[in-house]
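Please treat every number below as a calculation from the coordinates, not as lab data. Because the structure is predicted, anything quoted here is derived from the model rather than measured. With ideal geometry, Cβ positions are generated from the backbone for all residues, glycine too; neighbour counts draw on all protein chains shown.
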Amino acid sequence: MTTDRIALVTGANRGLGRSAAVALAARGMRVLVTHRGDTAGAGKTVEQVRAAGGTAAVLRLDLSDVSSFPAFTSALRERLERWGASRLDVLVNNAGVGIFGPLEDVTTEDFDTVMGTNVRGTFFLVQALVPLLAQGGHVINVSTSLTRHTSPATSVYSASKAAVEALSRTLAAELGPHGIRVNSLAPGPTATDFNGGAMRDDAGMRRALAGQTALGRVGEPEEIGDAIATLASEGLRWVTAQRIEVSGGALL
Ligand SMILES: NC(=O)c1ccc[n+]([C@@H]2O[C@H](COP(=O)([O-])OP(=O)(O)OC[C@H]3O[C@@H](n4cnc5c(N)ncnc54)[C@H](OP(=O)(O)O)[C@@H]3O)[C@@H](O)[C@H]2O)c1
């Protein structure tokens, strides 16, 4: 079933962004796939969207370069016009970066990269795109289960996502009068390239995490993609300002 709804997913050239793009398309949304230079990865996502019976287009976006957002917004408007649309229904702020290490090893560059991408980039992208998110629009910010439980050597990353959750709640209040919902979705450990692919490739880590998770394993990207698409669906239109954790019950 095709609807007129349109979703934009940042960092959709791989990992959870790709699985979200495919899941949204499978539910009938047209999808805008952003990447910051991985055209091959973005192309693969488009192929998977088409295989799921959907429609996708690709845009380039580097979240760490806020000065590029006006040009990105113009390119997005043009793309929407070519689709005969003028608005965006769902913005999935998925792109993010994790740099992990104990307190003494964190450099100011690491700190600025993580905060600059996950917090600054996400905040100013929402600011840039709110004019396109008309009545009924929805912002989904991807956070992490690490804002609820703790793990050594993750301080800066966890703090950046805690900031994303705080932004989400406050912006839900601020944008609610415009009919825009804002929620955060917090995945637990999931098997992607993230953190050097450790949750996918490091058998010891997978075993340890599985033992700390109610459902007894780490998550698969499709399980996060499906959750994002479900949260984006009309059936959950009355949900805003919430943090939804999708972790199989990690570290309860
Ligand atoms: N996997 C997990 O266990 C897990 C758990 C909780 C939360 N998360 C969150 O889920 C989101 C997706 O993670 P993932 O598992 O799919 O990790 P991933 O495979 O490492 O993908 C990260 C994505 O973010 C993009 N990105 C990073 N910095 C960017 C920037 N400056 N501008 C634009 N795009 C940028 C990457 O682009 P490039 O390909 O160009 O690098 C890539 O598309 C992240 O926000 C992450 O923090 C992941």
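When DSSP beta bridges are restricted to pairs lying wholly in the chain, around 5% turn out antiparallel. Other residues lying with their Cβ under 10 Å from the Cβ of SER184 contribute a combined charge of +1, Lys and Arg counting +1, Asp and Glu -1.
With an a/c value of 1.5 or above and a/b not larger than b/c for the gyration tensor axes a ≥ b ≥ c computed over the alpha-carbon atoms, the range 21-92 is described as oblate. Count the net charge of all other residues whose Cβ sits under 10 Å from the Cβ of LEU80, scoring Lys and Arg as +1 and Asp and Glu as -1. Net of charged neighbours comes to +3. Taken over the chain, the alpha-carbon convex hull comes to 122 cubic angstrom per residue. Return the whole-Å distance between the Cα centroid of the range 93-114 and the Cα centroid of the range 1-57. Value for the Cα centre distance between the two parts: 27 Å.
Calculate for the chain the 222 nm mean residue ellipticity that helices alone would give, adding -39,500 (n - 2.57) per DSSP H run of length 4 or more and normalising by residue count, nearest 500 deg cm²/dmol.
After summing the helix terms and dividing by residue count, I get -13000 deg cm²/dmol.
Other residues whose C-beta falls under 13 angstrom from the C-beta of VAL139 contribute a net charge of -1, scoring Lys and Arg +1 and Asp and Glu -1.
Against the chain, whose longest principal axis comes from its Cα atoms, helix 69-82 is set at around 50 degrees.
Relative to the longest principal axis of the Cα atoms of the chain, the long axis of helix 155-175 lies at roughly 30 degrees. Would any residue of the range 232-252 have its amide N under 18 Å from a label point 7 Å out along Cα→Cβ of ARG169? List them or say none. It comes to 239-246, nothing else. Sorting the segments 16-24, 114-122 by their residues' average number of neighbouring beta-carbon atoms within 10 angstrom, most packed first, yields 16-24, 114-122.
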